[in-house]
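The values are calculated or read from the model by the stated rules, or taken from the named source; none is laboratory data. Nothing here was measured: the structure is a model prediction, and the numbers come from that model. FYI the Cβ positions are ideal-geometry reconstructions off the backbone, even for glycines, and counts take in every protein chain you see. Please note that ligands, DNA and RNA were not included when accessible areas were found on the heavy atoms of the full protein model with its side chains. Shrake-Rupley method; radii C 1.70, N 1.55, O 1.52, S 1.80 Å.
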Amino acid sequence: MPIRIGTEPLRPGKLSRSAPPLIWLGTNTCGGDAVSFLNSLDPGYLDLLRDLADCRYLYLTMTAEGDMATRILDEMLTTLPGKYILVVEGTIPTRSNGLYSVVGMRNGEPLTALQAVRELGTKARYVVAVGTCAAFGGPFAAMPNPSGSLPVQAVLDRQVINVPGCPVNPDWMMGTLVHLIRFGEPELDSFNRPKLFYGETIHNLCQRRHYFDNSLFAKQPGEPWCMYQIGCKGPDTFADCPYRQWNGEHLSWPVKANTPCIGCVNPEFPDGNAPFFEHLPDVRLPGVRVTADRVGALTAAATVLGIGVHLAGSILTGRLAHAFKQTFSGSGARTRLLQNLIQRFSKKR
Amino acid sequence: MRSLLPIIKGKKPRHPLLARLLHWVYAPAVLAGILSGFYLTRPFPSQGFSKVESAQKTHFVAQYLLICSYLARIYQAYFTKDYQEILPGFNDMAGLPRFLQYELFLSQKKPKYKKYNPGQKILFTGLGLLIPLQIITGLALYKPNSLQKTVVLAGGLGPLRKWHYLAGVAVFALSAGHIYFACTHDPNKLKSIFTGYE
Ligand code: HEM
Ligand code: HEM
Ligand code: SF4
């Protein structure tokens, strides 16, 4: 009796021999990346299951649970080391020995995400961190980060391929997996992201770029102009949203929907690029948080005030008048120097 | 003998030709960088540029002039060893309270200095340290693809842009202070940055 997902029959045994085993762990995550991934169109999720990978464990969709699920993880370590692809979605909490994220029980003890990712990550063929949390920390490691959450790379001493996004675009993740399966590791940038999807800034690909160049700016969300003045993070964000777009059928993306990009794929997201509706991120000093604009305005005010007060002082004490009188009345440096020379000559004699 | 002539005439040399030429390349470049940079932060039409494109052009031309003149000035400082006149030393720090007393109108006695006073030295050194920060962060903003390693160090393009902006704010404050003092303190010295002699 074939298992059915939706209306498509799943045909076990059709997988090609080269289809590598796949494990998709959910750690501290909202689940958004797995849900987004399920929306992939071509290849779709079913193509992945049928043709591309031997999907052994996907926390969100698998039917196995409890010991049965944990056993799959153990089997990977013992029977298929170096063969499987490990995908991690979410941050790895480190506080209290990682007890803030438990993926199952092993021998009556909680199997923490920290333990699972370290064990499985060491023996995987490839490790992929999907979503901004797994890749860079993201919202689940945002301040004050009570669980001491870290991105995957921080707990593994090996190459981790980062496929960020909040959530990830289905194409970015499916594309990366297909590349790994069919052609091996894709070309990565300095943040270990596949250049295929994160190779250019949104700003350079944006359909509204000519509005930016010509200073035609939206004053509030909903207007059909460049979103720069209401905090668009397109100039700081490497992703292909403007042409790949979202919503399954490649329908739209934030700027097309008249709202600024919030830079969700960025390593600094969200603490380091908030507020989303301001151009520059806030400046954090011990105990205070100020907008960059305010730092600029306060410095400018202090500079003008300082100069003004000193100028007033110089005028009132007569120093300014003295400086100019000295120069233009001939008692300046030239005269002083001549006097010095004469003095020196007369002393020598 | 020719170089002695102006001295005999009572002129005291203060700035060699190369230092003056370079000053008049990097000073306008920094001023153009400030004007266009702050327009790029808040592109409002009242700020002197008709559109982002022209502010960017100005900024990017200024950046090349600044990089070249800065490197040339560092080279000159290294070879002529005139950095000794610019970097504040122990004596300058010790003399800082006396200098501040005079500048804050608490004392009437104007202290005398060999070339630059401690305030100028701190200001020039501050600018000398801020400009490379401006150049490094600016280049990474300019070529974020090829210089992504710098972006990684800053923790992302957002924080990098913030550092470029904050360094720009500091450069603005120091430049404003410098121009104010240069124009009001001693017209002879102001003249010297054009003619070379005070
Ligand atoms: C003292 C000189 C400089 C000052 C005061 C200055 C100031 C600024 C400011 C305030 C911004 C706007 C930042 C923002 O809010 O997005 C900016 C942008 C920028 N600066 Fe500079 N900057 C200076 C020199 C440089 C140099 C030397 C470079 C390159 C080597 C550079 C490259 C850039 C780039 C690429 C941008 C981004 C432009 C854009 O996104 O449209 N700047 N600068
Ligand atoms: C229109 C604006 C400016 C004027 C009128 C001006 C004037 C002067 C004067 C008079 C001096 C010589 C001071 C002395 O001999 O005691 C000087 C030196 C200097 N100025 Fe400016 N300046 C201007 C802009 C700037 C800017 C924007 C910078 C920013 C980087 C700058 C950086 C320097 C430096 C580094 C020196 C030391 C030069 C050396 O020893 O080679 N100036 N300036
Ligand atoms: S809307 Fe955003 S990404 Fe598009 S041009 Fe404006 S600032 Fe750049």
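Out of residues 5 or more away from A:L111 or on other chains, whose amide H comes under 5 Å of its own, with H placed 1.01 Å from N in the peptide plane?
Here A:V103, A:G104, A:M105, A:R106 satisfy the definition.
Sort B:Y64, B:Y165 by heavy-atom solvent-accessible area, probe 1.4 angstrom, most to least. Before the final figure, lay out each step's value.
On the way: B:Y64 115, B:Y165 20 Å².
Ranking B:Y64, B:Y165 by accessible area, largest first, yields B:Y64, B:Y165.
Can you give the Rg to Rh ratio of the protein assembly as shown, both from alpha-carbon atoms, with Rh computed by the Kirkwood formula? Mind showing how you got there, number by number?
Details: Rg = 31.7 Å, Rh = 27.9 Å.
Ratio of gyration radius to Kirkwood radius: 1.14.
Every cysteine in chain A with no other Cys Cβ under 4.7 Å from its Cβ, please list them in numeric order.
A:C30, A:C55, A:C133, A:C206, A:C226, A:C232, A:C241, A:C261
Which helices, taking whole DSSP H runs in chain A, have alpha carbons extending 27 angstrom or more along the helix axis plus mean Kyte-Doolittle at least 0.5? All intermediate terms of the calculation are to be shown ahead of the outcome.
Values: long enough: A:292-316 (36 Å, 1.30).
Result, helices passing both filters: A:292-316.
Taking the Cα centre as origin and putting +1 on Lys and Arg beta-carbons and -1 on Asp and Glu beta-carbons, what dipole magnitude results for chain B, to the nearest 20 debye? Don't skip to the answer; put the middle values down first.
On the way: 24 positive and 7 negative charges, 98 e Å.
For this selection, approximately 480 debye.
In the Gaussian network model of chain A, springs joining C-alpha atoms below 10 Å, which of A:G98, A:G296, A:G121 carries the largest mean-square fluctuation?
Among A:G98, A:G296, A:G121, the largest GNM mean-square fluctuation belongs to A:G296.
Can you give the FRET efficiency for B:S54 and B:V25, using 1/(1 + (r/R0)^6), R0 = 30 Å, r = Cβ-Cβ distance, to the nearest 0.05?
On the way: r = 21 Å, r/R0 = 0.70.
Calculated transfer efficiency: 0.90.
Which of B:Q108, B:S54, B:Y142 sits farthest toward the positive end of the charge dipole of segment B:14-195, with +1 on the Cβ of Lys and Arg and -1 on the Cβ of Asp and Glu?
The one lying farthest along the dipole's positive direction is B:Q108.
Would you mind computing, in nm to one decimal, how far apart the modelled labels at A:R244 and A:D74 are, each placed 7 Å from Cα along Cα→Cβ?
Output for this residue pair reads 3.8 nm.
Out of segment A:17-102, which GluC sites (Glu not before Pro) are coil in DSSP terms and have no more than 15 other C-beta atoms within 10 Å? Provide the component values of the computation, followed by the final result.
Working: sites: A:E65, A:E75, A:E89; in loops: A:E65.
Answer in residue order: A:E65.
Å³ per residue of the Cα convex hull, for chain B? Each step should come with its number before you reach the end.
Working: hull volume 33.0 nm³, N = 198.
Once divided by residue count, the hull of chain B is 167 Å³.
How big is the dipole moment of chain A about its Cα centre under a simple scheme where the beta carbon of each Lys and Arg is +1, that of each Asp and Glu is -1, and everything else is neutral? Debye, nearest 20, please. Present the calculation step by step, with values, prior to reporting the outcome.
Numbers: 34 positive and 29 negative charges, 526 e Å.
Its charge dipole is roughly 2520 debye.
Kindly report, to the nearest 10 Å², the accessible surface of B:K189 as traced by a 1.4 Å probe over protein heavy atoms only.
80 Å²
Compute the long axis of helix B:157-184 from its Cα atoms, compare it with the longest principal axis of the Cα atoms of chain B, and write down the angle in degrees, 0 to 90, nearest 10.
30 degrees
So which of B:K57/B:K81; B:K112/B:K191; A:K325/B:K109 end up more than 29 Å apart, counting from Cα to Cα? Before the final figure, lay out each step's value.
Numbers: B:K57/B:K81 35 Å; B:K112/B:K191 19 Å; A:K325/B:K109 18 Å.
Where the Cα-Cα span goes over 29 Å, the pairs concerned are B:K57/B:K81.
If you restrict to DSSP beta bridges whose two residues both lie in segment A:3-195, what percentage is antiparallel, to the nearest 5? Working shown, then result.
Details: 11 of 28 bridges.
The antiparallel proportion sits near 40 percent.
For a quick check: with amide H placed at 1.01 Å from N, whose amide H comes under 5 Å from B:S107's, ignoring anything fewer than 5 positions away on the same chain?
B:Y102
Would you tell me the accessible area of B:H178, worked out with a 1.4 angstrom probe on the heavy atoms of the protein chains, in Å² to the nearest 10?
The value for B:H178 is about 50 Å².
Got a sec? Charge dipole of segment A:3-195, +1 on Cβ for Lys and Arg, -1 for Asp and Glu; which of A:G131, A:T94, A:P21 is way out at the positive end?
Selected residue: A:P21.
Can you say what percent of the DSSP beta bridges in the protein assembly as shown, counting only those with both residues inside, are antiparallel? Round to 5. Please list the in-between numbers first.
Details: 17 of 35 bridges.
Antiparallel: roughly 50 percent of the beta bridges in the protein assembly as shown.
Rolling a 1.4 Å sphere over the protein heavy atoms, what is the accessible area per residue of segment B:14-195, to the nearest Å²?
Numbers: 9870 Å² over 182 residues.
That works out to 54 Å² per residue.
Between B:F90, B:F38, B:F49, where does the largest GNM mean-square fluctuation fall for chain B, given springs only between Cα atoms within less than 10 Å?
B:F90
Go ahead and run the numbers for FRET between A:N258 and A:K83, Cβ-Cβ distance against an R0 of 41 Å, rounding to 0.05.
Details: r = 47 Å, r/R0 = 1.15.
The pair A:N258/A:K83 has a calculated efficiency of 0.30.
Any chance you could look up the accessible area of B:I86 with a 1.4 Å probe, heavy atoms only, rounded to 10 Å²?
About 40 Å², ignoring ligands and nucleic acids.
Assuming R0 = 35 Å, what is the FRET efficiency of B:Q76 and A:E187, from their Cβ-Cβ distance, to the nearest 0.05? If you can, show how the numbers build up before the last one.
Working: r = 43 Å, r/R0 = 1.22.
Efficiency for this residue pair is about 0.25.
What does the helix-only formula give at 222 nm for chain A: each DSSP H stretch with n ≥ 4 adding -39500 (n - 2.57), the total divided by the residues, and the result rounded to the nearest 500 deg cm²/dmol? Write out the running numbers ahead of the final one.
Working: 13 runs with 123 residues, N = 349.
Taken over chain A, the calculation gives -10000 deg cm²/dmol.
Expressed as a fraction of 2.2 N^0.38 Å, the rule-of-thumb size for a compact globular protein of N residues, what is the C-alpha radius of gyration of segment A:76-199? Write down the numbers at each step before the final one.
On the way: Rg = 14.5 Å, N = 124, 2.2 N^0.38 = 13.7 Å.
For segment A:76-199, the normalised Cα radius of gyration comes out at 1.05.
List every residue whose amide H lies under 5 Å from the amide H of A:R193, counting only residues 5 or more places away in sequence or on a different chain, with H placed 1.01 Å from N in the peptide plane.
Long-range HN contacts for A:R193: A:N162.
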